[in-house]
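Here the structure comes first, spelled out in structure tokens, and everything after it is commentary.
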């Protein structure tokens with residue numbers, strides 16, 4: 001029983017560490033199309049490698065997912 005509780009505690013602690021907030025998205029435009037966020041309807045927000053990503057529309061999700069490194073470079077400028 002003690003072993004089970006110790007294991008459960010360590011799993012819960014590990015899970016809480018993994019839930020750290022992602023880095024905030026620094027742009028006011030879509031990382032894929034450069035359109036102003038909100039100009040194409042509801043903004044799509046996702047997290048990629050602990051970085052918040054904001055896209056102007058659903059079609060940009062597919063473009064981002066095809067080549068994330070290309071778009072992540074825009075966030076470092």
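The numbers here are math on the coordinates, done by the rules we state, and not lab data. Treat the numbers as computed from the prediction; the structure is a model and nothing was measured.
Points to keep in mind about this one:
- Between residue 27 and residue 51, residue separation times 0.36 nm minus the direct Cα-Cα distance comes to 7.4 nm.
- Kirkwood hydrodynamic radius of segment 22-75, Cα pairs, Å: 10.8
- Annotation: extensible slack from residue 34 through residue 72 equals 12.4 nm (criterion: 0.36 nm per residue apart, minus Cα-Cα distance).
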